Amino acid sequence: MTATLSPASGTAGTAGSEPRPRPRLPRKRVLLGVLAALVVAGLATLLLLGTRTTGIPLDPDNPAPAGGQAMARVLDQQGVDVTPVRTRDALQGARIDASTTVVVTRGSLMTTAMWRALLRTAGGADRLVLVAPGNRALTALDAPLSRRSGTGFGGSTPAACDAPVARGLSVGGGDERYDPTSGADVAVCFRPGGGFGAGGDNGGYLAVLPRTADRPEVVLVGSTETIRNADVRDADNAAVGLRTLGHSPRLVWWSVSPSDVDLADAEEPVFPAWLAPVTVVLALAVLVLMLVRGRRLGRLVNEPLPVVVRANETTRSRGRLYRRAGDRDRASAVLRAGTRRRLTRYLGVPRGAGPAALIENAAATTGRDPRPLHDLLYGATPATEDAFVQLANQLSQLEKEVRHR
């Protein structure tokens, strides 16, 4: 007779054999796999977010409220060839001639040496536009202006000047204000007035420096709202931006990169581009570590103690500590609490029944008067060591009487 296979058995040979359990993967390997998956997911998310937008303030490719994409697209629709550059090397390679306007954003990061190098690079341009450039730009330009930061004035500010870039327009405010020195050949527009700065009523949010032999016309725009996506539709901000940046057929838009800046000379804090993704990955790693270490992933395992200590030895040692400290309050409270707990179990008194139920059952069992029992179990702290020893003996005797009745 030959052995046969049946669907019920599932295997050849003896019937009723139990299937072997599948081996489990080591717990460490599972945790490492989860950690690796989280890190990969975080990096993928960062890469996807990084390809969506530059995230650089006032950048022509940034659609966020702090970006300048709206102004760049309008200029492109008006026939202006907008060329974004984000490094000094790219700026050096860009074509800059008499038909080119160069605009610099995030100029407050630049050093004085960088500004002077920019003036040499853009010396043959048609116009140089500096958006909130900071003090070092004025130093490199040797401009007859002083700079003050902060708005401080609300409402719409009219141009109140004859400069073509601003004539007849108004802005809602600014980030930098320029005060001309006495007798300076500079046009200042959008004056808030009211004794503004060192120049009094002559200080404003926009200044135009005329062309010289070694540099083009320079327009200092102290209001980033003129090109910022979130504010370009307010007041005449868009018109000011179009007149300022759309003066030439070509526009080279330099968004200063922190990687091009000497960190020791920067006016504002400069953080490397890799700081944000590295911080996110480290935060994810710390979160996974907290989850792994903060919960129990398996059953409790009983392990033998290295040393076995008898209960009576522990009790005597604790008693010596109480005696050395002279803490009769604590010692008497511990003795009484232990006696009450054991009496409750011996007498079958429900938990939470209260002192009255315990005293009543103990008095009924031992035949004692309830009042002395209450003083014994809930009374005052013994005043002397002899009284404390007497209390311990009385509590022990009470337990013996209850157990043997």
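The values are calculated or read from the model by the stated rules, or taken from the named source; none is laboratory data. Quantities reported herein were computed from a predicted structural model and do not represent experimental measurements. Note that each Cβ is placed from the backbone with ideal geometry, even for glycine, and that neighbours are counted across all protein chains shown. For the accessible areas, the whole protein counts, side chains as well, though only heavy atoms, and no ligand, DNA or RNA atoms are used. Shrake-Rupley method; radii C 1.70, N 1.55, O 1.52, S 1.80 Å.
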So what does SER156 come to for accessible area, using a 1.4 Å probe and Å² rounded to 10? 80 Å²
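How would region 276-389 be classified by its alpha-carbon gyration tensor: rounded, prolate or oblate, with rounded meaning a/c under 1.5 and the a/b versus b/c comparison settling the rest? Don't skip to the end; give the middle numbers.
Values: a/c = 2.75, a/b = 2.20, b/c = 1.25.
Here region 276-389 falls in the prolate category.
Taking the highest mean first, how do the peptides 134-140, 171-177 order by number of other beta carbon atoms within 10 angstrom per residue? Intermediate results must be reported in sequence, preceding the final value.
Working: 134-140: 19.3, 171-177: 23.6.
Put in order of decreasing packing, that is 171-177, 134-140.
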Looking at GLN394, THR314, LEU291, which one has the Cα that reaches farthest to the positive end of the dipole of region 274-405 (charges on Cβ: Lys, Arg +1; Asp, Glu -1)? LEU291
Give the accessible area for TYR346 in Å² (nearest 10); use a 1.4 Å probe, count only protein heavy atoms, and leave out ligands, DNA and RNA. 90 Å²
For 218-227, 363-372, 70-79, 238-247, ranked highest to lowest by mean beta-carbon neighbours within 10 Å, the order is 218-227, 238-247, 70-79, 363-372
Note the direction-averaged projected area, equal to a quarter of the hull surface, for the Cα convex hull of region 56-115, in nm². 4.7 nm²
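Please give the length that would be gained between ASP369 and LEU289 if that part of the chain were fully extended, namely 0.36 nm times their separation in residues minus their C-alpha to C-alpha distance (nm, one decimal). If you can, show how the numbers build up before the last one.
Working: separation 80, 0.36 × 80 = 28.80 nm, distance 6.20 nm.
The span from ASP369 to LEU289 would gain 22.6 nm if fully extended.
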Using alpha carbon centers only, region 366-405 is separated from region 210-230 by a whole-angstrom value of 95 Å
Distance from the Cα centre of region 93-169 to that of region 299-319, in angstrom? 79 Å
Solvent exposure, largest accessible area first (probe 1.4 Å, DNA, RNA and ligands not counted), of PHE388, PHE190: PHE388, PHE190
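What does the highest-first list of 318-325, 300-307 look like by mean Cβ count within 10 Å?
Values: 318-325: 12.1, 300-307: 5.2.
So the order, starting with the most tightly packed, is 318-325, 300-307.
Using only the heavy atoms of the protein chains and a 1.4 Å probe, how would ASP97, ASP162, ASP59 rank by accessible area, largest first? Please list the in-between numbers first.
Working: ASP97 45, ASP162 125, ASP59 0 Å².
Highest to lowest solvent-accessible surface, that is ASP162, ASP97, ASP59.
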